[in-house]
Amino acid sequence: MYMGTAAPPSAAGPAAADEPINLPPMVPVGRRLSVLQFSQRQIEFVFRARRELGEVFRFRGLIPGDPVVTSHPDHVRSLFTAKPELAPSITAESPLRPIVGPNSVLTANGPRHLRQRKLLLPPFHGEAIERYAAMIREVADRSIDGWPVGEPFPLGHRMQAITLDVIMSGIFGVEGRPPRGTPEHRMRLTVKHLANASTSWWAKIGELMNVGHAEPVGPMRQALGLLDGATYPIIEARRRADDLDERADILSMLMTAQTEDGELLSDQELRDELLTLVLAGFETTANSLAWTWSGCCAPRRPTSGYGQRSAMATAPTTSRRRSPRGCDRGP
Ligand code: HEM
């Protein structure tokens, strides 16, 4: 998108009422290959199509009627401001639906989405955010203290560790590493292993097997069984806690959050929202941190573009303590 710059007139519209609507060009690839390429290499797929076909194009996908992709600012603006009945969202068909379930804020639509948003808001008010910021600083400091000095190391795993510690503390209220044998420890391990396994070829096959399914099937079902096996015991134990009102973690706040009608979240809704927060917040943040650090702090290294698996950094040699916000180029 070219947000912030003056938009050139769009070749694709708006059309006058009596003007025939020209369908945008189609990506010249069959449906199966198109679905495979789009699901596995989304960015390469859409950027190539934009380069070769222009800013508005269609491709043969799983959505009936073949999806149109646009990157023109006028279109983006009109889609975001259109009435839902004129431009209905397909969020309920999201590939995340088998994972985060139907109650998640990510997969809900209309009034249901609004309800989930309202329930999720209390843990994200000003005072709580200040507490999270202090906690995040503390976790990052502790982690940086353990970084090797004077030798290159993969940043991805370090950023994953920081992000996981933040999630366990912010979402579940676990300070430091959860003790072995607890559901929180199981949750931490499961999220870490599943995230690392998610780039394997069998995980990709599992992902494809789930396309178009509302409920998980195949390996994804098993993987989610592991996550659920950790999540529900955490919820169950927290329901018995007698200090819920004093706790500042997101799970405790969600448990006490009520809708305007006085409704509380059910266990299944809590599970869906917790997994949404864990999965929406984990890889996104860990990867953004690693790439940001790599882009602004690490010595330049040749990269192989999007395909590069993990960013590398050289830790500062002069001091163990260096603020991640320092962003001074490494030695
Ligand atoms: C740099 C890190 C992050 C990136 C790049 C990112 C990106 C996104 C994007 C693109 C969406 C829109 C998805 C859609 O509508 O299909 C989204 C939604 C969402 N993200 Fe993030 N996210 C990040 C961090 C987080 C964190 C840390 C959390 C939780 C603590 C989080 C929770 C959510 C939730 C709950 C939604 C759904 C909101 C709604 O539908 O109302 N995200 N994120």
> Of all residues in region 257-280, which are part of a helix (DSSP H, G or I) and either hydrophobic (A, V, I, L, M, F, W, C) or modelled with pLDDT under 90 (or both)?
Replying inline: L270, L274, L275, L277, V278, L279, A280
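Would you check which residues across region 217-240 are of a type in the set (A, V, I, L, M), surrounded by fewer than 18 Cβ atoms within 10 Å (Cβ to Cβ) and modelled with pLDDT of 90 or more and list them?
Scanning region 217-240 gives a single hit, A237.
Being closer than 29 Å to N196 by Cβ and either touching a Ser or Thr at 6+ places or on another chain (Cβ under 8 Å) or more than 13 Å from the ligand (Cβ to nearest atom) (or both): is that true of E93 here?
Working: closer than 29 Å to N196 by Cβ: yes; either touching a Ser or Thr at 6+ places or on another chain (Cβ under 8 Å) or more than 13 Å from the ligand (Cβ to nearest atom) (or both): no.
Taking the combined requirement at face value, the residue does not satisfy it.
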>> With the requirement that a residue be in contact (Cβ under 8 Å) with a residue 60 or more places away in the chain, more than 12 Å from the ligand (Cβ to nearest atom) and more than 29 Å from P67 (Cβ to Cβ), what does region 96-133 give you?
In response: P122, R131
>> Which numbered condition in (1) away from the ligand (no atom under 12 Å from the Cβ); (2) surrounded by 14 or more Cβ atoms within 10 Å (Cβ to Cβ) is the only one that D141 fails?
In response: (2)
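Per-residue answers, yes or no, for (1) part of a helix (DSSP H, G or I); (2) in contact (Cβ under 8 Å) with a residue 60 or more places away in the chain; (3) out of contact with any strand residue (DSSP E or B) (no Cβ under 8 Å at 6 or more places or on another chain):
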position	(1), (2), (3)
Q160	yes, yes, yes
I167	yes, yes, yes
G173	no, yes, yes
R177	no, no, yes
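State which residue is surrounded by the fewest Cβ atoms within 10 Å (Cβ to Cβ) when the search covers only region 144-157 and only residues that are part of a helix (DSSP H, G or I) and more than 18 Å from the chain's Cα centre (by Cα).
In the first step, residues of region 144-157 are kept if they are part of a helix (DSSP H, G or I); the result is 144-145, 155-157.
Then drop every residue that is not more than 18 Å from the chain's Cα centre (by Cα), which leaves 144-145, 155.
Numbers: I144: 17, D145: 9, L155: 24.
Residue satisfying both the conditions and the ranking: D145.
The values are calculated or read from the model by the stated rules, or taken from the named source; none is laboratory data. Please read these numbers as outputs of a predicted model, since none were measured by experiment. When we count neighbours, we look across all protein chains shown, and the Cβ atoms used for this are built from the backbone with ideal geometry, even at glycine.
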